[in-house]
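J.: A single structure is presented below for examination.
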Amino acid sequence: MICTSKNLTFALIALSLPLLHGCTDGTSDLQAFVNETMQKPAAKAIPPIPQLKPYTPFIYSAFDSRDPFSAPEYAEEEKVDNGIRPDSNRSKEPLEAFPLDGIGMMGIIERNNRPEALVSAPNGTIHTVVVGNYLGQNFGKITGIQETKIDLIEILPDGNGGWMEKPATITMKDSGTQGK
């Protein structure tokens, strides 16, 4: 048995030699490629990393300036009392609950030679108004009724603690925009 295993070992070594010899064959093309690549000129060198500028911290020096998140302080303007102000003692009329742009003129009728306008409120109700009635949320008082429009004067805050008058118009629903 010892003899057989010696023969077996010898046979395995004899068979593996041609396999190992095959690994060395075929490297000639690889050697040729390496030689050809070495003959080529070298590529340009990679440029060096640029030098970074040193960080200079920002020093905030506007502590004596106004805070940008608070309202600016203006010199208080003198309040001028021009005598314009809404009448806070009178009772509100039904059409003063609606904004002026929600009220539309529907038509006009005459009673006792006096024009009355038919207006529609945003809730769908129809009201009759005459000169002197109030409508809109800015104390709008009717100053004139014509065939296609109602003229009124609104009283608005002027921004300085007082009031100012502003003319307004409500036109017929079919002939243009309302609450102009």
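The values are calculated or read from the model by the stated rules, or taken from the named source; none is laboratory data. A quick note: this is a predicted structure, and the numbers were derived from the prediction, not measured. Methodologically, a virtual Cβ is constructed for each residue, glycine included, from the backbone with ideal geometry; neighbour enumeration extends over all protein chains shown.
J.: Tell me, please, whether a residue that is at pLDDT 80 or above and under 30 Å from LYS173 (Cα atoms) can be found in the stretch 71-86.
T.: yes
J.: Conditions: (1) touching a Ser or Thr at 6+ places or on another chain (Cβ under 6 Å); (2) under 25 Å from ASP87 (Cα atoms). MET172 meets all but one. Number of the miss?
T.: That leaves (2) as the condition not met.
J.: Okay, next question. Could you please tell me which pairs satisfy a Cβ distance under 6 Å, a separation of 6+ or placement on different chains, a first residue in the stretch 100-126 that is over 18 Å from GLU154 (Cα atoms) and in contact (Cβ under 8 Å) with a residue 24 or more places away in the chain, and a second residue that is among the small types (Gly, Ala, Ser) and part of a strand (DSSP E or B)?
T.: MET106/SER120; ILE108/ALA117; SER120/GLY104
J.: Check LYS141, LYS173 and return the single one that is of a type in the set (Lys, Arg) and at pLDDT 90 or above.
T.: Step by step, each of LYS141, LYS173 is checked, and only LYS141 is of a type in the set (Lys, Arg) and at pLDDT 90 or above.
J.: From the list PHE63, PHE33, PHE58, which residue is over 30 Å from TYR134 (Cα atoms), part of a loop (DSSP other than H, G, I, E, B) and at pLDDT 85 or above?
T.: One residue alone meets the criteria, PHE58.
J.: Go through the stretch 128-139 and give me each residue that's buried (at least 17 other Cβ atoms within 10 Å of the Cβ) and on the phi < 0 side of the Ramachandran plot.
T.: VAL129, ASN133, TYR134, LEU135, ASN138
J.: Which ones in the stretch 147-166 are without any contact (Cβ under 8 Å) to a residue 24 or more places away in the chain, over 15 Å from ASP101 (Cβ atoms) and either more than 38 Å from the chain's Cα centre (by Cα) or in a strand (DSSP E or B) (or both)?
T.: Selection gives ASP151, ILE153, PRO157.
J.: Which residue, of ILE142, ILE155, is among the hydrophobic types (A, V, I, L, M, F, W, C), more than 22 Å from LYS173 (Cβ to Cβ) and surrounded by 16 or more Cβ atoms within 10 Å (Cβ to Cβ)?
T.: Of ILE142, ILE155, the one residue that is among the hydrophobic types (A, V, I, L, M, F, W, C), more than 22 Å from LYS173 (Cβ to Cβ) and surrounded by 16 or more Cβ atoms within 10 Å (Cβ to Cβ) is ILE155.
J.: OK, next. Check ILE49 against each of (1) β-branched (Val, Ile, Thr); (2) at pLDDT 75 or above; (3) assigned to a helix (DSSP H, G or I) and name the one condition it does not meet.
T.: (3)
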